[in-house]
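Colleague: This is the structure I have questions about; it appears just below.
The values are calculated or read from the model by the stated rules, or taken from the named source; none is laboratory data. Note that this is a predicted model, so its numbers are computed, not measured. FYI the Cβ positions are ideal-geometry reconstructions off the backbone, even for glycines, and counts take in every protein chain you see.
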Amino acid sequence: MERPVQPDLPGVEAPERRPKRSRAPYGLATPALLWLLLLFVIPMLAMASLSLQTGNSLEGFRQTFRFANFADALSQNGSS
């Protein structure tokens, strides 16, 4: 357990205080994080959603979370 030390005792110095943490790095990173979200994360989520849909252009598409779409795409496009 830490105890405060009085600085007036001979041979004992007061502990150094840590400087307060600045919020500036977070403020400077905010625009970059917003661009990352806008240009990367949102399109990735949209593509993930589209890749798990089934249907056709005449009847429309429905979200079915069919993960077999990936296996179907690989088998139909001649992967080895």
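Colleague: Do we have any residue at all in the stretch 34-41 that's of a type in the set (F, W, Y), at negative phi and either in contact (Cβ under 8 Å) with a residue 12 or more places away in the chain or not in a helix (DSSP H, G or I) (or both)?
Modeller: no
Colleague: Here's something else I'd like to know. Counting only residues that are in a helix (DSSP H, G or I), touching a residue at least 12 places away in the same chain (Cβ under 8 Å) and out of contact with any helix residue (DSSP H, G or I) (no Cβ under 7 Å at 6 or more places or on another chain), how many does the stretch 45-76 have?
Modeller: 2
Colleague: Do you know which residues across the stretch 57-70 are loosely packed, with under 11 Cβ neighbours inside 10 Å and more than 27 Å from the chain's Cα centre (by Cα)?
Modeller: S57, L58, E59, G60, R62
Colleague: I'm trying to understand the selection: among the residues of the stretch 20-56, which are closer than 17 Å to D72 by Cβ and over 17 Å from the mean Cα position of the chain (by Cα)?
Modeller: Selection gives L50, S51, L52, Q53, T54, G55, N56.
Colleague: What residue, of P7, P25, P43, P31, is at pLDDT below 90 and not charged (D, E, K, R)?
Modeller: P7
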